Amino acid sequence: MLARSYLRASTDEQDATRAHAQVETFAAEHGLNIVGTYVENESGAKLARPELFRLISDSRPGDVLLIEQVDRLSRLTDGDWRKLRAALDATQIRVVALDLPTSWMMAGAADDFTARMFAAVNAMMLDMLAAVARKDYDDRRRRQAQGQAKAKAEGKYKGRPEDAARNAGIAAMLKGGASYSEVQAAFGCSRATVAKIAKRIGDRLPVAA
């Protein structure tokens with residue numbers, strides 16, 4: 001059975017490929033042939049994730065979308081989760097998560113009745129864990145905001161330190177005529193970071209593909 005693995009981290013500072021070996025081992029143990037690995041550093045609370053939707057576009061009915069944990073796929077609001085689920089269902093992709101044992105059954109062959117039963121159970125579990133992941137995201141954001149508000153009130157909040165050396169390098173590449181994609185490849189940063197530095201230095205380079 002063909003599978004495509006999706007590896008995601010929320011920020012540039014996190015290693016999105018951290019679980020790569022674990023996912024590869026799982027695939028080998030369950031007879032899955034990984035034909036593509038899609039990696040991106042984007043928040044799971046965002047529906048707009050280019051690599052995830054490229055994976056969906058590349059997939060065929062019956063293919064497996066393999067993830068380490070359900071929260072790698074979604075920390076979305078209910079409305080956005082429904083949109084993502086609709087895209088997955090339309091392509092008839094089977095979602096298999098290492099942290100969701102009920103999904104492991106989706107990695108094997110089964111008769112029509114059994115397959116439909118497995119799919120129904122797995123869909124329910126996915127919905128539940130997606131809701132839990134979103135709640136965890138909202139709770140952490142609320143606690144973070146409360147902590148920042150308290151620190152600001154006490155005059156202790158300084159914000160996140162800037163990576164001055166990296167940003168200077170990005171600025172130098174942009175001034176030298178490098179494209180956004182070239183800068184991203186060189187520094188492993190997001191497109192938003194490149195755009196922010198470009199705006200800061202007054203760069204008006206066209207956004208390269």
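Any read-out appearing in this document is the output of simple, stated calculations on the displayed coordinates, not a laboratory observation. Keep in mind that what you see is a predicted model, and the values were worked out from it rather than measured. Quick reminder, even Gly has a Cβ in these numbers, built from the backbone with ideal geometry, and neighbours come from all protein chains shown.
In table form, for the structure just shown:
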| read-out | value |
| --- | --- |
| Net +/- balance of residues flanking residue 21 in space, Cβ distance below 13 Å, scoring K and R +1, D and E -1 | -3 |
| Crossing angle, helix 191-200 versus the chain [Cα axis fit, 0-90 degrees, rounded to tens] | 10 degrees |
| Sequence of 25, 193, 37 once ranked by neighbouring C-beta atoms within 10 Å, starting from the fewest | 25, 37, 193 |
| Residue-count net charge about residue 129 - beta-carbon cut-off 9 Å; Lys, Arg +1, Asp, Glu -1 | -3 |
| For the range 32-39, 3J(HN,Hα) per residue [Karplus equation, 6.51 cos²θ - 1.76 cosθ + 1.60, θ = phi - 60°, Hz, x = Gly/Pro] | 9, 9, 6, 9, x, 10, 10, 10 |
| Hz values of 3J(HN,Hα) by residue in the range 124-129 - Karplus curve (6.51, -1.76, 1.60), Gly and Pro given as x | 4, 5, 4, 4, 5, 5 |
| Tail beyond 24 Å, pair distance distribution of the chain (Cα, percent) | 52 percent |
| Overall form of the range 5-99 per C-alpha gyration tensor (a/c, 1.5; a/b vs b/c) | oblate |
| Farthest toward positive dipole pole in the chain [+1 Lys/Arg, -1 Asp/Glu at C-beta], among 174, 32, 5 | 174 |
| Degrees separating the helix 20-29 axis from the principal Cα axis of the chain, which is the longest one | 10 degrees |
| Cross-link table 83/156; 152/175; 150/196; 135/156, entries beyond 32 Å C-alpha to C-alpha | 83/156; 152/175 |
| Extended-chain gain in nm, criterion 0.36 nm per residue less alpha-carbon gap, residue 2 and residue 22 | 5.5 nm |
| Selection from 23, 146, 107, by position along the positive dipole direction of the chain (Cβ) | 146 |
| Global geometry of the range 18-61, whether rounded, prolate or oblate, following the gyration tensor of its Cα atoms and the 1.5 cut on a/c | oblate |
| Nearest-20 debye value, the chain charge dipole, Cβ charges on Lys, Arg, Asp, Glu | 1180 debye |
| Crossing angle, helix 78-91 versus the chain [Cα axis fit, 0-90 degrees, rounded to tens] | 60 degrees |
| Using θ = phi - 60° and Karplus 6.51 cos²θ - 1.76 cosθ + 1.60, couplings along the range 170-181 (whole Hz; Gly, Pro as x) | 4, 4, 5, 5, 4, 5, x, x, 5, 7, 4, 5 |
| Cβ-Cβ FRET estimate between residue 172 and residue 149, R0 fixed at 35 Å, reported to 0.05 | 0.40 |
